[in-house]
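Chemist: Here's a structure for you.
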Amino acid sequence: MSEGRAEHWQNVYRTKEPTAVSWFRPHLEVSLELIKQTGVNANSCIIDVGAGASTLVDDLLKLGFLHLTAFDISATSLDVAKQRLGTRANAVRWIVGDVASHRFPRNGFDVWHDRAVLHFLVASHDVQCYVENATTSIVNGGHVVIGCFASDGPEKCSGLPVTRRDPEDIAALFGASFTVIAARREQHMTPTQATQSFAYALLRKRA
């Protein structure tokens with residue numbers, strides 16, 4: 001794990017309220033819509049990469065999903081989510097790690113979800129590792145749901161540079177091994193009432 005990257009995000013969640021970070025939304029509506037569009041059922045395995053303190057895991061539990069994994073580089077952010085969920089947190093697998101270097105189980109998930117992690121990976125090696133990890137950990141016929149800053153989105157976030165991508169750019173990273181199922185855009189309103197452009201791609205891994 002990149003110690004510098006981990007410490008940055010640990011510090012963010014130690015010094016800011018979860019509802020004050022720019023990417024906060026009460027509910028990740030677009031993500032939920034795209035996850036539902038994959039056709040998953042209660043027994044499907046879903047990983048939320050960069051889960052942090054977001055409420056996506058809460059909403060997926062309410063929808064009846066039984067096999068959820070929350071993954072983040074910041075243990076502090078996951079602790080926030082655990083405390084919010086209380087005893088329901090026991091139904092979720094929690095993993096602390098760096099998405100660019102963690103060893104994910106091969107064919108371990110039906111859906112890989114990421115909102116606002118990929119755009120922080122600006123080094124080509126990290127991006128390549130991310131794509132390889134997502135590709136190998138998803139079963140054939142499984143899906144990736146990725147949301148990141150669009151081409152007209154912010155150039156920096158949380159003091160860090162980002163790489164902006166439109167849906168077709170996300171799809172291009174994964175290449176011919178995946179089929180584009182859906183593309184979405186979102187105008188996200190931050191807690192300080194600033195607008196950020198997000199792009200989403202829903203891709204299916206070919207058998």
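Every residue, every condition in (1) surrounded by 19 or more Cβ atoms within 10 Å (Cβ to Cβ); (2) at pLDDT below 95; (3) out of contact with any strand residue (DSSP E or B) (no Cβ under 9 Å at 6 or more places or on another chain), yes or no:
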{"residue": "Ser2", "(1), (2), (3)": "no, yes, yes"}
{"residue": "Trp9", "(1), (2), (3)": "yes, yes, no"}
{"residue": "His27", "(1), (2), (3)": "no, no, yes"}
{"residue": "Asp72", "(1), (2), (3)": "yes, no, no"}
{"residue": "Gly97", "(1), (2), (3)": "no, no, no"}
{"residue": "His102", "(1), (2), (3)": "no, no, no"}
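Chemist: Look at Leu61 and say whether it is within 23 Å of Phe120 (Cβ to Cβ), among the aliphatic types (A, V, I, L, M) and either at pLDDT 95 or above or not in a loop (DSSP other than H, G, I, E, B) (or both). Walk me through it before giving the result.
Modeler: On the way: within 23 Å of Phe120 (Cβ to Cβ): no; among the aliphatic types (A, V, I, L, M): yes; either at pLDDT 95 or above or not in a loop (DSSP other than H, G, I, E, B) (or both): yes.
Here the answer is no, as Leu61 does not meet what is asked.
Chemist: Here is a follow-up. Restricting attention to segment 40-92, and to residues there that are polar (S, T, N, Q) and free of Cβ contacts under 8 Å to residues at least 60 places away in the same chain, which single residue is nearest to His113 (Cα to Cα)?
Modeler: Taking segment 40-92 first, the residues polar (S, T, N, Q) are 41, 43-44, 54-55, 69, 74, 76-77, 83, 87, 90.
This time we only want the ones that are free of Cβ contacts under 8 Å to residues at least 60 places away in the same chain, so: 41, 43, 55, 69, 83, 87, 90.
Values: Asn41: 15, Asn43: 16, Thr55: 13, Thr69: 10, Gln83: 22, Thr87: 24, Asn90: 20 Å.
Of everything passing the filter in segment 40-92, Thr69 is nearest to His113 (Cα to Cα).
Chemist: List the number of the failed condition for Glu132; all other conditions in (1) assigned to a helix (DSSP H, G or I); (2) in contact (Cβ under 8 Å) with a residue 12 or more places away in the chain; (3) within 24 Å of Gly39 (Cα to Cα) hold.
Modeler: (2)
Chemist: Please indicate, with yes or no, whether at least one residue in segment 161-179 is outside any loop (DSSP other than H, G, I, E, B) and β-branched (Val, Ile, Thr).
Modeler: Restricting attention to segment 161-179, the residues satisfying the condition of being outside any loop (DSSP other than H, G, I, E, B) are 161, 167-179.
Still in the list and also β-branched (Val, Ile, Thr): 170, 179.
Yes; the residues of segment 161-179 include at least one that is outside any loop (DSSP other than H, G, I, E, B) and β-branched (Val, Ile, Thr).
Chemist: From the list Arg103, Arg14, Arg25, Arg88, exactly one residue is farther than 19 Å from Cys129 by Cα, assigned to a loop (DSSP other than H, G, I, E, B) and among the basic types (Lys, Arg). Which is it? Walk me through it before giving the result.
Modeler: Values: Arg103 fails: farther than 19 Å from Cys129 by Cα; Arg14 fails: assigned to a loop (DSSP other than H, G, I, E, B); Arg88 fails: assigned to a loop (DSSP other than H, G, I, E, B).
Of Arg103, Arg14, Arg25, Arg88, the one residue that is farther than 19 Å from Cys129 by Cα, assigned to a loop (DSSP other than H, G, I, E, B) and among the basic types (Lys, Arg) is Arg25.
Chemist: With the requirement that a residue be under 14 Å from the mean Cα position of the chain (by Cα), more than 24 Å from Thr192 (Cα to Cα) and small (Gly, Ala, Ser), what does segment 25-73 give you?
Modeler: Passing the criteria: only Ala70.
Chemist: I would also like to ask the following. Restricting attention to segment 1-32, report how many residues are free of Cβ contacts under 8 Å to residues at least 60 places away in the same chain and within 25 Å of Ser137 (Cα to Cα).
Modeler: Residues flagged as free of Cβ contacts under 8 Å to residues at least 60 places away in the same chain and within 25 Å of Ser137 (Cα to Cα) within segment 1-32 amount to 3.
Chemist: Conditions: (1) of a type in the set (A, V, I, L, M, F, W, C); (2) closer than 19 Å to Leu203 by Cα; (3) assigned to a loop (DSSP other than H, G, I, E, B). Val122 meets all but one. Number of the miss?
Modeler: The number of the failed condition is (2).
Chemist: Only one of these conditions is not met by Thr192: (1) among the polar types (S, T, N, Q); (2) outside any helix (DSSP H, G or I); (3) touching a residue at least 40 places away in the same chain (Cβ under 8 Å); (4) surrounded by 12 or more Cβ atoms within 10 Å (Cβ to Cβ). Which number is it?
Modeler: Failed condition: (4).
The values are calculated or read from the model by the stated rules, or taken from the named source; none is laboratory data. This structure is a prediction, so every number in the text was calculated from the model and none was measured. Positions of Cβ are backbone-derived with ideal geometry, glycine not excepted, and every protein chain shown enters the neighbour counts.
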